[in-house]
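Here's the structure, in structure tokens; my notes come after.
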Amino acid sequence: MANQAIVHASELLTGAGIRVKDGRHVAEEDLGRIKDGALVYSVTRTGREIEWVGPTAKLPKKFARAKKVDLKGLRAVVPGFVDCHTHLVFAGDRSDEFALRCGGVSYEEIAARGGGILTTVRATREASIAELEKLAIARVKESESYGVRTLEIKSGYGLSFEAELKVLQVIARLKKRFPEMTFRSTFLGAHDFPKDRTREEYLSDLLDKMLPEVTRRKLADACDIFVDQGFYTLEEAKLVLARARELGLAVKMHADELVNTESAALAADLNCLSADHLLKISDRGIAKLASSNTVAVLLPGTAFYLKAPHAPARKLIQAGACVALSTDFNPGTCMTLNLPAVMTIAALYLGMTRAEILAAVTYNAAKALGLHDRKGTLEPGLDADFTILPFARFEEAYYRFAW
Ligand code: NIG
Ligand code: FE
């Protein structure tokens, strides 16, 4: 098929240097900022591939007949944003619990009273697949409006064989419904323990029923687990993730969020794709992540929303960890899909530079999903997965707050 071209982008950020450095210790020059940029891509039946990137004035003659979109120097082009950690499929409303939290009741206290995750589990179990799909469609559209092109979605509000499969089927439907987006589906049956099973019963449901069926039906790309005080233990994580890996799934972990359990260190030892949250990570955990291929996924919207101290982003970055940013969109601890707003929080409260922020929502986030071989930077031979921002400079995506 014919080539297509984007020309006269006010600026085009390739991020090529970010890939060279595997997203670690990135600096301003790694942004690959091209003024008056152009990008040519081919469209085939299997996808869109980048043919050429450079200044519009240097567009090679052989692409002269490509179908062009002229951005007239008004809009910037960046690698498509990747939101690598969301809990996007759920029903119900937790604004009453939010009001309680605003009145001083802690997240843990609400969970201990049987609220929190279990409130959403009740509503999600009651909802039909069509209702869940309708809610999810609106959310995906919103996420797309912020420049997100790759979206990870976790199950975890079903906590039973039937309800977890229902949620994963919704994600499968979204994949069909939004062919322009890339989705990664993560099985998070180990999000909490349901009230209607004993701990032992639910663990054996996870290991012997849910994981085998989820993989048999190809409903997940990865398996995640919430390791924390009051949730899953390190030993349980070893069991669940070993089973997931044996069945062919990639593995991830919610680690060191509410208290330090040394789960980030375990995630690195298990070679997880990512260890996420890390509000309470220890120096040992930081060193382990830095010397591993496990991406440190930071979710500063969640710390903001919980009024909790932020993750030690600078320490992680200085130690050489590959750091990603994501929304953690969920009804309890971060009720927003606005990834650029999360970038603003990262700039102000995590002290992240613009190169670190771009890397964190592109290449590094793609790496947290195992997709960095095709996505995350704009270079010939890679997927033509880009975002045209409604601004002339990349920075305005988060300098302008919560658009
Ligand atoms: O990522 N940490 C665990 N799960 C979610 C919160 C889920 C909820 O409260 O509904 C999180 O923060
Ligand atoms: Fe989460």
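Derivation of every value follows stated rules applied to the coordinates shown; laboratory data play no part. All of these numbers come straight from a predicted model, not from anything done at the bench. Glycine also receives a Cβ, built like all others from the backbone with ideal geometry; neighbour counts cover every protein chain displayed.
Points worth noting:
- The Cα-based radius of gyration of region 162-222, divided by its Kirkwood radius, gives an Rg/Rh of 1.03.
- Helix 234-246 axis, angle to the chain major axis (alpha carbon atoms, nearest 10°): 60
- What you get for region 202-245, charging only the Cβ of Lys and Arg (+1) and of Asp and Glu (-1), is a dipole of about 300 debye around the Cα centre.
- Cα gyration tensor shape of region 4-98, rounded if a/c is under 1.5, else prolate or oblate by comparing a/b with b/c: prolate
- Charging the Cβ of each Asp and Glu at -1 and of each Lys and Arg at +1, and nothing else, the dipole of the chain about its Cα centre rounds to 1500 debye.
- Rounded to 10°, Cα long-axis angle of helix 117-126 versus longest principal axis of the chain: 90
- Summed side-chain charge close to HIS277 - residues other than HIS277 whose Cβ falls under 9 Å, Lys, Arg +1, Asp, Glu -1: -4
- Among 174-180, 139-145, the peptide with the highest mean count of other Cβ atoms within 10 Å heads the list, and the full ranking is 139-145, 174-180.
- Whole-number percent relative contact order across the chain, with pairs defined as alpha carbons under 8 Å at least 6 apart: 21
- Pairs exceeding 23 Å between alpha-carbon atoms, taken from LYS238/LYS288; LYS141/LYS280; LYS35/LYS175; LYS154/LYS218; LYS141/LYS176: LYS141/LYS280; LYS35/LYS175.
- Order of TYR146, TYR349, TYR398 - criterion: other Cβ atoms within 10 Å of each residue's Cβ, fewest first: TYR349, TYR146, TYR398
- Taking the longest Cα principal axis of the chain as reference, the axis of helix 339-349 is set at about 80 degrees.
- Other residues with beta-carbon under 13 Å from the beta-carbon of VAL82 carry, at +1 per Lys or Arg and -1 per Asp or Glu, a net charge of 0.
- Just so you know, the Rg over Rh for region 71-128 is 1.27, from Cα atoms, with Rh as the Kirkwood radius.
- D (Stokes-Einstein, µm²/s), Kirkwood Cα radius, region 98-162, 1.306 mPa s at 10 °C: 113
- Residue exposure proxy: HIS25, HIS277, ordered by other Cβ atoms within 10 angstrom of their Cβ from fewest to most, comes out as HIS25, HIS277.
- Kirkwood hydrodynamic radius over Cα pairs of region 361-403, then Stokes diffusion coefficient at 10 °C and 1.306 mPa s, in µm²/s: 135
- Percent RCO, i.e. relative contact order, over region 334-403, from Cα pairs under 8 Å lying at least 6 residues apart: 36
- Three-way shape label, region 81-367, alpha-carbon gyration tensor, a/c 1.5: rounded
- Each peptide among 205-213, 82-90, 157-165, 108-116 gets the average number of other Cβ atoms lying within 10 Å of its residues, and from highest to lowest they stand as 82-90, 157-165, 205-213, 108-116.
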